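The next block holds one structure in the form of structure tokens; read it before the comments.
Please treat every number below as a calculation from the coordinates, not as lab data. Bear in mind the structure is a predicted one, so any value in this text is a computation, not a measurement. Cβ atoms come from the backbone with ideal geometry, glycine included; neighbour counts cover every protein chain shown.
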Amino acid sequence: MILLITIGELKTYLQKSESIASRNFERFKQSIQALKSLELNEQKLKLTLKLIDTAKKAIFQQLMNKSNPE
């Protein structure tokens with residue numbers, strides 16, 4: 001399912017967001033910082049999962065090589 005948004009809806013959303021951010025700028029900055037931190041942690045976790053997958057494949061390959069004597 002593809003959701004479509006009109007330019008008018010986007011403009012309304014941006015105006016509301018700007019209004020909220022300008023009323024409590026410090027909280028807005030904290031929220032942005034928290035989102036950046038979460039994004040960084042997500043990237044680190046994805047990298048860790050890739051490294052784990054690579055290690056698992058390497059271990060499996062070693063097991064396969066040891067079980068097939070040449």
Can you give the convex hull volume per residue for the Cα atoms of the chain, as a whole number of Å³? 130 Å³
Rounding to the nearest 10 and keeping the result within 0 to 90°, find how far the Cα-based axis of helix 25-67 lies from the longest principal axis of the chain. 10 degrees
Distance between modelled label sites at SER22 and THR48, nm, 7 Å Cα→Cβ extension: 4.2 nm
For the pair GLN61 and LEU14, how long in nm is the line joining their label points, each one 7 Å along Cα→Cβ? 4.9 nm
